[in-house]
Structure formats: structure tokens, C-alpha cells
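The values are calculated or read from the model by the stated rules, or taken from the named source; none is laboratory data. Note that the structure is predicted; figures quoted are calculated from it, not measured. Every residue, glycine among them, receives a Cβ derived from its backbone with ideal geometry; neighbour counts consider all protein chains shown. For accessibility, only protein heavy atoms count, side chains too; no ligands or nucleic acids. Shrake-Rupley method; radii C 1.70, N 1.55, O 1.52, S 1.80 Å.
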Amino acid sequence: MVAQDLLQEAKQLQPELLQCRRTIHRHPETGFDLQETKALVKRQLTEMGYSPQECGKCGLVALAGGKKKGRTILIRADMDALPIEEAAEVEYRSETPGRMHGCGHDMHTAMLLGAAKLLKAHEDELAGTVKLMFQPAEELFQGADDMIGAGVLENPHVDAAVMIHVVPGLPLPSGIVLVPGAGTGMESCQQYRIVVKGKGGHGAMPHVSADPITAAAHIHLALQEISSRELGPDEFGVFTTGMFRAGDASNIIPDTAEMRGTIRTADLAVNEKIKTRIREIAQGVGGAMRTEVAVDFFDFCPPMLADGALSECGLGYMKELLGDGAMSMAALGGPKVGGGSEDFAFVSCKVPTVGMFLSAGSPEEGYAYSQHHPKVTFDDSILYRGSAAYAYFAARWLEEHL
């Protein structure tokens, strides 16, 4: 497979990739409820000559190659959207109230469908098998684990795995592939819930109540001391309370207040340390203010690990394909792009994995908003580059690892 020829083939697919992405963008679906999106993916794969198989609650798997004995590499796209009302001024904006593709998963799905078409055209050349993984519920940190439980890494057994995530707002021209070095490429994510139970009453008589809002506010402020006073310089950890809910009227002290947020770390021991201190601080502060506090943790996603050998291969392959359009993340001054989490981390705990990034518009090019913002937009003129990157990485790795 000649790199530049494949890139030109991918470029010819750009109009249909664009149409596919924008169709998915107009009809966003969330979690495991992806009926329209899954049907579109299944239909297109079938038209290409694949026999897509159901996997888990809402996933799809298809196989390319296998005509020559060799290893198996998995390439993955996530399909789910976010529960956000879109505010971006684009002609193909979401037609579903309260939902939008604000993380680029519509881009990923279109890119992997493009890669599927390229791989099918070169199927006789593949020195092994490429497994295409179309995954639901990434935003819930549940989709990858669900598909692993359903056997996505077996039959045939997966020897390596690759994902690509588009990122707008980077200080880079659109279309640059970034490859991480060995180690933690993205942080873990642990969601938490703190429920403060007090005693409600009249707003004019707080002395006969136990105000859960005041207690929750003090808990929120006290938790900030964990980062500033309890984590060492070698212990990365950040947590954010993203939801604070209490009361329904201005003159009533409610019975309860609720806070929800996330913990992100690069080390599971640090994650456990923060969890312990959140529970101790919340219950200690709440108790001092005459309230009862319940703390629970849920929807955990481990750190995303990048395999050193696979990353090194990937950087070489991407340079063959894109030349100066590929670079190591070290060129940005660090191993990571942002501090997000990714549930493909569950796969990285099982097999050698690398998660690459594809720049999808810089602020100078008019892409000022980051992922998960209601106004975020992505440069979808780069879709063909993502398709080529997926397909070329898979083919070259199989060729080099007979």
C-alpha cells in the first residue's frame, strides 16, 4: 500500500464523508440509544461488502482482510453525542432539541467509514485482519467496557488497537495528526455525588433549620484545599464540581442540596487518595453544620495508556503518509492534549493501544471553541485525512508484524 496513493484515494471520498458526517450531526443520539446512527453505519458497511455484527448493547463490528494469515489490529470510532443544546451557527446544526455532536464523534464515525471503504478496496493486500469497532456510550464511559464484555477483543483476538480523536482550538493548522509517546495519554475520570441532608424551613427562620445549601457551599470550598495543600508536586489530580442543585423557591430553606463532579488523575493511587479525602472532608464539614452527608462514586474510567512501541510505529507511519502533517505530542510541550478522559482506556488496559489526535481547526482559522461547548465547530474538510490515517496505520502495522 503506497502512502501517497492511499491519501489521494481518501481525498476522492471527501464529498461522501462530508455528507455522512453532516447527516449524523443533524440527528445526534446519546448513550446506548443510537438507533438511527447505528442503522446508517450498518447500511453503509453492508453496501461496501462487509457483514457487520452486533456487539454489546449497541455496538457494531466488521472485519477487513483475513485472506492472509497474520495478526489483528482494531481501529475504533465512537458514535454518541452529548446532551447539550447546540448554539453553533452552522447550516447542518442539530435538529434534535437538547442534543449535539459537541465532541466530534460524528467526525470519527465518518472517518472510520471512509477507512472501511479504503481497506475493502485493498483487502487482498492486508497482511492480517483489521477489526472495525463502532462504539456507543463513550460519553458515559460505558461503551468500550460493554463491547469488551461482549467479546470485541476476541474472535479474532486483537493484538493492537488504535483510535483517533479530533480536537478543535489547538494552536496548529487543521489536519495535523498528533501521536503521543509512551505512558498516560489521557487521565482517568471518576464521577462523584455528594448529597447534603439538612432540615428545611422558612427563609425568615434559619435558626430552626439546618441549611444544606450553606453546608454544601462550605464543602465545595473546603474540597479545593485537597489540590492546593494535600497533593504533592508529583501527584497530578484535578476535580471539578459541575453540578450544584438545591431548592425551588427564594424564601424556603430546602431539605437537601446535591453536588456532582469529576476527579481526573494520571495515577490510580492518587484517585483513591482524593476519594478518601472528599468523603472525610464532606462528612466532617457537613457534620459540623448539623447536616448529614452521603458521598458516592460511580462511572469510573481508567487512565488512557499509550504503548511505547505502537506509538513509535504510529509516528513513523503518519510521517510516511502526511510528512510534516504528523508530529509527536512532545512538540506541544507535553504528552497530552488537554486533560480529558476517554473510555477507550478500557481497551488500553487489555491490549497495546495508541490514541492519536487530529487537529480540527485552530483559533486563527475560526475555530475558537473547545469540545463540549455549545458553540464548538469542527473543520470537516480534514475527514479524508483521518480516514487515510486509520487505514494506513492498520495496513502498515500488519505488514510489519507478520
Residues (open to solvent by 60 Å² or more (accessible area, probe 1.4 Å), of a type in the set (A, V, I, L, M, F, W, C) and either more than 24 Å from A3 (Cα to Cα) or modelled with pLDDT of 95 or more (or both)) located in the stretch 331-364: L332, C349
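Residue check: is L63 open to solvent by 40 Å² or more (accessible area, probe 1.4 Å) and either on the phi < 0 side of the Ramachandran plot or in contact with a Ser or Thr (Cβ under 8 Å, 6 or more places away or on another chain) (or both)? Break it down into steps so the answer makes sense when it comes.
On the way: open to solvent by 40 Å² or more (accessible area, probe 1.4 Å): yes; either on the phi < 0 side of the Ramachandran plot or in contact with a Ser or Thr (Cβ under 8 Å, 6 or more places away or on another chain) (or both): yes.
When the stated conditions are applied, L63 passes them.
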Of all residues in the stretch 28-53, how many are surrounded by 17 or more Cβ atoms within 10 Å (Cβ to Cβ) and in a loop (DSSP other than H, G, I, E, B)? 7
Going by what's in this entry, would A144 be described as assigned to a helix (DSSP H, G or I), open to solvent by less than 20 Å² (accessible area, probe 1.4 Å), touching a strand residue (DSSP E or B) at 6+ places or on another chain (Cβ under 7 Å) and not β-branched (V, I, T)? yes
Being within 12 Å of Q190 (Cα to Cα), part of a helix (DSSP H, G or I) and touching an Asp or Glu at 6+ places or on another chain (Cβ under 9 Å) is the filter here; which residues of the stretch 260-270 pass it? V270
Of all residues in the stretch 14-55, which are of a type in the set (G, A, S) and either in contact with a Gly (Cβ under 7 Å, 6 or more places away or on another chain) or closer than 24 Å to A389 by Cβ (or both)? G49
Would you mind listing the strands (runs of 3 or more DSSP E) fully within the stretch 154-251 where at least 1 residues are farther than 23 Å from D343 by Cα? 189-197, 237-246
Residue within the stretch 9-27 that is open to solvent by 70 Å² or more (accessible area, probe 1.4 Å) and part of a loop (DSSP other than H, G, I, E, B) present: no
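Take the residues of the stretch 204-234 that are of a type in the set (D, E) and within 17 Å of M259 (Cβ to Cβ): which is most open to solvent (accessible area, probe 1.4 Å)? Before the answer, list the steps.
Within the stretch 204-234, the subset of a type in the set (D, E) is 211, 225, 230, 234.
From the residues that got through so far, the ones that are within 17 Å of M259 (Cβ to Cβ) too are 211, 225.
Working: D211: 47, E225: 88 Å².
Step by step, filter the stretch 204-234, then rank; the result is E225.
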Regarding G169, is this residue on the phi > 0 side of the Ramachandran plot, in contact (Cβ under 8 Å) with a residue 12 or more places away in the chain and open to solvent by less than 10 Å² (accessible area, probe 1.4 Å)? no
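So which of I253, I213, I281, I263 is among the hydrophobic types (A, V, I, L, M, F, W, C) and under 30 Å from E138 (Cα atoms)? Explain how you work it out, then say what you get.
Working: I253 fails: under 30 Å from E138 (Cα atoms); I213 fails: under 30 Å from E138 (Cα atoms); I281 fails: under 30 Å from E138 (Cα atoms).
Going through I253, I213, I281, I263 in turn, the sole match is I263.
Which one of these is over 17 Å from the mean Cα position of the chain (by Cα), hydrophobic (A, V, I, L, M, F, W, C) and either surrounded by 23 or more Cβ atoms within 10 Å (Cβ to Cβ) or more than 17 Å from A394 (Cβ to Cβ) (or both): A77, A81, A110, A88? Step through it out loud before you land on a result.
Working: A77 fails: over 17 Å from the mean Cα position of the chain (by Cα); A81 fails: over 17 Å from the mean Cα position of the chain (by Cα); A110 fails: over 17 Å from the mean Cα position of the chain (by Cα).
Checking each option against the conditions leaves just A88.
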Filtering helices (runs of 4 or more DSSP H) wholly in the stretch 302-402 for at least 1 residues that are touching an Asp or Glu at 6+ places or on another chain (Cβ under 8 Å), over 30 Å from Q12 (Cα atoms) and of a type in the set (A, V, I, L, M, F, W, C) gives 345-348
Tell me, yes or no, whether the stretch 154-165 has at least one residue that is open to solvent by 20 Å² or more (accessible area, probe 1.4 Å) and touching an Asp or Glu at 6+ places or on another chain (Cβ under 8 Å). no
Among the residues of the stretch 159-202, write down those that are small (G, A, S) and over 16 Å from A330 (Cα atoms). A160, A161, G169, S174, G175, S188, G198, G200, G201
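Scan the stretch 365-379 for residues that are open to solvent by 10 Å² or more (accessible area, probe 1.4 Å) and either under 20 Å from E139 (Cβ atoms) or not hydroxyl-bearing (S, T, Y) (or both) and jot them down.
E365, G366, A368, Y369, S370, Q371, H372, H373, P374, K375, T377, D379
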Starting from residues that are in contact (Cβ under 8 Å) with a residue 24 or more places away in the chain, under 27 Å from the mean Cα position of the chain (by Cα) and surrounded by fewer than 18 Cβ atoms within 10 Å (Cβ to Cβ), keep the ones in the stretch 247-272 and report whichever is farthest from R193 (Cα to Cα). D267
Selection from the stretch 191-203 of residues that are within 22 Å of E280 (Cα to Cα) and open to solvent by 10 Å² or more (accessible area, probe 1.4 Å): Q191, R193, V195, K197, G198, K199
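Do we have A294 as assigned to a helix (DSSP H, G or I), of a type in the set (A, V, I, L, M), under 29 Å from I263 (Cβ atoms) and open to solvent by 10 Å² or more (accessible area, probe 1.4 Å) here? Quick ask: steps written out before the conclusion?
Working: assigned to a helix (DSSP H, G or I): no; of a type in the set (A, V, I, L, M): yes; under 29 Å from I263 (Cβ atoms): yes; open to solvent by 10 Å² or more (accessible area, probe 1.4 Å): yes.
When the stated conditions are applied, A294 does not pass them.
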Do you know which of the residues in the stretch 91-107 that are open to solvent by 20 Å² or more (accessible area, probe 1.4 Å) and among the acidic types (D, E) is nearest to the chain's Cα centre (by Cα)? E95
